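Here is the structure we will look at.
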């Protein structure tokens with residue numbers, strides 16, 4: 001087996017082991033929370049017989065190891081169980097909301113990359129000039145602004161004052177594409193601009209480090225311009241630390257979408273999670289949290305693989 005495949009196999013084993021450990025911790029935490037799901041679903045005036053019947057229906061009268069195995073073995077099939085409150089199947093609810101969140105997160109990540117990469121390179125190449133200092137200063141300001149504050153500001157300017165975009169809501173893209181795009185702009189900018197400010201700083205730092213390398217100095221001494229030298233010889237090495245940051249940012253965007261979806265009244269995974277917490281629908285919360293954890297672990301796994309591909313020195317590690 002080649003070093004690259006061996007490295008990928010070891011990281012895949014760590015990935016699956018992390019999922020198992022995370023599932024145990026999430027299930028254990030939800031199990032020790034106070035409150036009876038059956039009592040919450042039926043109300044405080046429910047009879048003991050009705051509560052016992054609902055316990056049997058939910059399967060919460062079985063031993064905890066049996067409940068865990070029933071829950072975790074259903075996850076690969078998309079079976080997250082049945083809601084304690086609405087008694088509706090949880091899997092389809094999560095699937096519908098996940099699609100909404102993915103639209104928001106992936107689009108925000110694309111916007112962040114398209115803004116941060118050229119600005120970060122500009123800030124590095126012109127770090128001793130006014131334009132480079134201006135980009136660095138703006139990125140510092142952007143880092144200090146939370147996503148929900150940026151969202152409120154964008155709503156005030158572009159929805160309330162200028163009336164260019166709606167302040168919230170969600171229309172499926174297949175139903176009305178123009179309305180979908182208009183409703184997507186402000187929440188995507190709320191997430192993307194803040195992440196672009198963070199990523200700009202990392203791109204600038206990575207490019208500055210690469211520009212100090214001997215092979216870059218040699219290329220410059222041969223007469224190549226700074227930009228051509230960076231593109232031909234430096235971008236791949238500069239991309240190594242940036243890829244790690246991109247993975248972290250994608251995870252941050254998933255978590256940040258929870259708040260942004262609330263600000264813009266978007267029916268995504270974050271709204272579903274907060275509704276589940278408010279209704280004490282513990283099995284729904286458990287499923288959403290598990291999905292978010294798996295997504296974060298998957299992102300880290302992909303980043304590890306990309307890191308190995310970009311840096312051949314790590315393939316034997």
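The values are calculated or read from the model by the stated rules, or taken from the named source; none is laboratory data. Source: prediction; values computed, not measured. Glycine gets a Cβ as well: all are built from the backbone with ideal geometry, and neighbour counts include every protein chain shown.
A few notes on this one:
- Selection within the stretch 56-113 - under 18 Å from residue 171 (Cα atoms) and in contact with a helix residue (DSSP H, G or I) (Cβ under 8 Å, 6 or more places away or on another chain): 93, 94, 97, 98, 100, 101, 103, 104, 105, 107, 108
- Which numbered condition residue 87 fails, given (1) modelled with pLDDT under 85; (2) at negative phi: (2)
- Residue list for the stretch 244-255, filter: over 13 Å from the mean Cα position of the chain (by Cα) and free of Cβ contacts under 8 Å to residues at least 40 places away in the same chain: none
- Hey, residue 280 under 27 Å from residue 117 (Cβ atoms), modelled with pLDDT under 85 and more than 20 Å from the chain's Cα centre (by Cα) or not: no
- Residue 14 being farther than 29 Å from residue 187 by Cα and within 22 Å of the chain's Cα centre (by Cα): yes
- Residue in the stretch 61-69 that is modelled with pLDDT under 80 and part of a loop (DSSP other than H, G, I, E, B) present: yes
- For the stretch 87-96, the criterion of being without any contact (Cβ under 8 Å) to a residue 24 or more places away in the chain, part of a loop (DSSP other than H, G, I, E, B) and either over 30 Å from residue 208 (Cα atoms) or assigned by TED's automatic domain parsing to the domain that holds residue 206 (or both) is met by at least one residue.
- Within the stretch 44-60, the set of residues being assigned to a helix (DSSP H, G or I) and farther than 14 Å from residue 87 by Cβ comprises 48, 49, 51, 52.
- Tabulated pairs, the stretch 256-271, first touching a residue at least 12 places away in the same chain (Cβ under 8 Å), second surrounded by 24 or more Cβ atoms within 10 Å (Cβ to Cβ) and part of a loop (DSSP other than H, G, I, E, B), C-beta under 7 angstrom, 6+ apart or interchain: 257/268; 261/268
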